[in-house]
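Beneath this line is the structure, given in structure tokens, with notes to follow.
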Amino acid sequence: MSVNGEAVRVEAEAGRTDEPGWEVDPDDDWALAVVATVGRQLRLRREAAGMRVGDFAVAVGYGDDLVYKIESGKRIPRPEFLDTADEVLSAGGLLAAMKEDVKKVRYPKKVRDLAQMEGRAVELQLYDPLSIHGLLQHPEYARALLSMRRPAYSVGEVEQFIAARVARKAIFERDPAPELSFVLEEWTLRRPLGGRAVLRAQLEHLLETGRLRNVELQVMPMEREEHAGVDGSIEVLKFDDGSAIGRSPAVANGRPVYDLKQLRILELRYGIIRSQALTPRESMVFVEQLLGET
């Protein structure tokens, strides 16, 4: 390959890998510390191998500027970058092992905190009157929702939130599995946000998820004349030590609550909502009918 051809290749690689969504949040101290540590280890390994930045950049298929950003802790390295760097620098898996921490860093702090609580919960009761709950969202449905927000999210923010929502779905793969209960509004299953193809994919995803033994999906029909969910969303997470945490815009201004009296109010409302909704079996049949109509 000619020198010019090599330059074009490197530039193309740099443009492809240095995409939005991999910046470090300047207000996230833990993320800054992790990325700075990873960058420092990369720089020390590169210098110990006697490689200059330009040579290393060519070897890993990144531009010089992006390598500088990663080594200085200003850019989150992609997992494949760490894999390649590990091979190029003969790090014996030490650099590649940093992928797990780096993966967590990419998600906003509030999302990491939520995922951590969901990861400890043994039972979750979830109701969202405005859209399909994030844990149930197909990636393309999530992308459509996030792209509709005003003021608009940046491209990088959209990608970060989608990655975070996908990562939260690890809760469905836990062993032992937590008990998951969702109540969905009928209108959220009918409105074709993102287009008919996106809605079809979302409905198919709901049917697949609803077949899991530890998951109960219930649909609240629009024809109901009584509805205990008029005050907004409800989230109740219970843990194996008997403690719980809840949240609803109608209680404590939407802040997380631990008080037993407030938790009982949320559980009471959620229980009534469930009793007013279709049963899990009826709900699955209903979603299948909607899929056939879409």
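No value in this document is a laboratory result; all are computed from the given coordinates. Here the structure is a predicted model, which is why all the values come from computation and not from measurement. Positions of Cβ are generated from backbone atoms using ideal geometry, with glycine treated the same way; all protein chains shown enter the neighbour counts.
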Magnitude of the charge dipole, the range 141-294, Cβ model with Lys/Arg +1 and Asp/Glu -1, debye to 20: 400 debye
Under the Debye formula (equal points on every Cα, no solvent term), log10 I(q)/I(0) of the range 206-294 at q = 0.16, 0.17, 0.23, 0.26 Å⁻¹: -0.77, -0.84, -1.14, -1.22
Most mobile of LYS69, LYS261, LYS99 in a GNM of the chain (Cα contacts under 10 Å): LYS261
Size descriptor, Kirkwood hydrodynamic radius, that averages inverse alpha-carbon separations across the chain, Å: 21.7 Å
Selection from VAL257, ALA33, TRP187, by position along the positive dipole direction of the chain (Cβ): VAL257
Lys, Arg +1 and Asp, Glu -1 on Cβ, resulting dipole of the chain about Cα centre, debye, nearest 20: 300 debye
Helical contribution to [θ] at 222 nm, DSSP H n ≥ 4, -39,500 (n - 2.57), averaged over the chain, rounded to 500: -16000 deg cm²/dmol
At least 30 Å along the helix axis (C-alpha) and Kyte average at least 1.6, DSSP helices within the chain: none
Overall dimensions of the range 136-183 as given by Cα atoms, namely Rg and Dmax in Å: 13.1, 40
Relative contact order %, the chain, counting alpha carbon pairs below 8 Å whose residues are six or more apart: 17 percent
Fully extended contour minus Cα-Cα distance, from MET51 to GLU179, at 0.36 nm per residue: 40.9 nm
FRET efficiency estimate (nearest 0.05) - Cβ-Cβ, ASP27 to GLU293, R0 51 angstrom: 0.65
GNM flexibility winner over the chain from VAL236, VAL155, VAL183 (Cα, springs under 10 Å): VAL155
